[in-house]
Amino acid sequence: MVKASHGLRRKGRKVLKKSPRARGLSPITHEFVQFEVGEKAHIHLDPSIVRGAPHVRFHGKTGTVMAAQGRAYVLSVKDGNKLKTVISRPEHMRKVKN
């Protein structure tokens, strides 16, 4: 019997799949997007970039930027009834359109 992996990207086959026309590396401009403290941001995992990605369970959630931490941002995300702290790089975040 083979023992299943329990890594961070486990059970993410559907979530971490790009459309056929979006395959390959993402534009480099996604790295340079700036977020302000207090701004809302969607967590949208980019499967072509592994570094700085939050856990797969936060894909599709919206959070508030609490602080900047190096190149990454600290987000406050509601998960059920709790507020969780998520650290994510800007490649895995999208601005919320008002």
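Has segment 79-91 got any residue that is crowded, with 16+ Cβ neighbours inside 10 Å and part of a helix (DSSP H, G or I)?
Within segment 79-91, one or more residues are crowded, with 16+ Cβ neighbours inside 10 Å and part of a helix (DSSP H, G or I).
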Quiz prompt | Top-ranked residue of segment 57-72 - restricted to ones that are assigned to a loop (DSSP other than H, G, I, E, B) and surrounded by fewer than 16 Cβ atoms within 10 Å (Cβ to Cβ), ranked as farthest from the chain's Cα centre (by Cα) | solution = 70
Quiz prompt | Which numbered condition residue 75 fails, given (1) under 24 Å from residue 6 (Cα atoms); (2) within 12 Å of the chain's Cα centre (by Cα) | solution = (1)
Quiz item: Among the candidates 33, 50, which residue alone is modelled with pLDDT of 95 or more and either surrounded by fewer than 16 Cβ atoms within 10 Å (Cβ to Cβ) or of a type in the set (Phe, Trp, Tyr) (or both)?
Solution: 33
Quiz prompt | Selection count where residues are of a type in the set (Gly, Ala, Ser) and surrounded by 15 or more Cβ atoms within 10 Å (Cβ to Cβ), scope segment 36-47 | solution = 1
Self-check item: Members of segment 27-49 that are assigned to a loop (DSSP other than H, G, I, E, B) and touching a residue at least 40 places away in the same chain (Cβ under 8 Å)
Solution: 33, 34, 35, 39, 44, 45, 46, 49
Quiz item: Residues of segment 60-98 being without any contact (Cβ under 8 Å) to a residue 40 or more places away in the chain, in contact with a Lys or Arg (Cβ under 9 Å, 6 or more places away or on another chain), within 24 Å of residue 28 (Cβ to Cβ) and of a type in the set (Val, Ile, Thr), which ones?
Solution: 65
Quiz item: Name the residues in segment 10-26 that are within 18 Å of residue 93 (Cβ to Cβ), of a type outside the set (Val, Ile, Thr) and part of a loop (DSSP other than H, G, I, E, B), would you?
Solution: 12, 16, 18, 25, 26
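The values are calculated or read from the model by the stated rules, or taken from the named source; none is laboratory data. Nothing here was measured: the structure is a model prediction, and the numbers come from that model. Glycine also receives a Cβ, built like all others from the backbone with ideal geometry; neighbour counts cover every protein chain displayed.
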